[in-house]
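All remarks here apply to the structure that follows.
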Amino acid sequence: MSEFKSEVKQIAASQTAVYAKISDLSNLESLKQRFADPEARKILAQQMGEEKVEQVAQYIDNVTFDADSITLGGSPVGNVCLAIVERDEPKCVKMEGRGTPIPLNLWIQLLPNGDNASALRVVLRAELNFFIKSMVSKPLQQAVDGIAEMLARIPY
């Protein structure tokens with residue numbers, strides 16, 4: 001099992017507030033709206049860089065959210081879904097890939113960092129053979145880092 005970890009991201013919101021937002025994935029629908037709004041995109045471009053904003057905007061249109069899953073449409077392998085399989089309030093949301101070409105799990109881990117702050121880390125575990133690992137390690141690490149960055153920037 002290969003593991004990819006994001007950097008720890010600091011969030012100016014309590015652990016319980018962040019958990020409440022990410023444990024119901026339909027709350028993340030606001031991400032699509034931010035990338036669709038020209039003014040919000042300008043602010044995001046200043047924070048993240050224009051190139052990253054354009055990359056995310058390309059993919060976010062094909063993403064659908066409900067309380068328990070995120071589905072990415074239009075991928076080369078068809079629809080790919082990350083479904084919540086366990087909620088460990090207020091510390092962790094565990095997801096499992098459904099329809100993914102390789103078995104994978106994604107965890108969003110939260111720790112308190114004072115009364116009104118928390119720390120977030122995204123961990124992806126995937127069953128990769130030697131040949132696949134050399135091809136997908138960099139994109140999977142970028143995906144984990146991107147997810148953590150987006151989660152750290154949404155309003156709580």
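The values are calculated or read from the model by the stated rules, or taken from the named source; none is laboratory data. Here the structure is a predicted model, which means the values were calculated and not measured. Please note: Cβ atoms are built from the backbone with ideal geometry, for glycine as well, and neighbour counts cover all protein chains shown. Ligands, DNA and RNA are stripped out before the accessible areas are found, and what is left, the full protein with its side chains, is counted by its heavy atoms. Shrake-Rupley method; radii C 1.70, N 1.55, O 1.52, S 1.80 Å.
Miscellaneous remarks
- Cα-based values for the stretch 95-149, radius of gyration first and Dmax second, are 13.7, 46 Å.
- Here the contact order of the chain, divided by its residue count and restricted to Cα pairs under 8 Å and six or more residues apart, works out to 33 percent.
- Shape metrics for the chain, restricted to C-alpha atoms - Rg then Dmax, Å: 15.3, 46
- Dipole of the chain, positive direction: furthest Cα of Asn129, Ala13, Leu25, with charges on the beta-carbon: Asn129
- The 1.4 Å probe gives accessible areas that order Thr16, Thr71, largest first, as Thr16, Thr71.
- Taking 1.567 mPa s as the viscosity and 4 °C as the temperature, the Stokes-Einstein diffusion coefficient of the stretch 1-43 based on its alpha-carbon Kirkwood radius rounds to 100 µm²/s.
- Within the chain, helix-based [θ] at 222 nm, where runs of 4 or more DSSP H residues each add -39,500 (n - 2.57), nearest 500: -12500 deg cm²/dmol
- Amide H contacts of Leu128 (H built 1.01 Å from N, under 5 Å, at least 5 apart or other chain): Ser2
- Hits among lysines - C-alpha to C-alpha of Lys21 under 30 Å, sequence gap 8 or more where chains match: Lys5, Lys9, Lys32, Lys42, Lys52, Lys91, Lys94, Lys138
- Apportionment of accessible area to carbon and sulfur, the chain, percent (1.4 Å): 53 percent
- Span from the the stretch 16-37 Cα centroid across to the the stretch 61-134 one, whole angstrom: 14 Å
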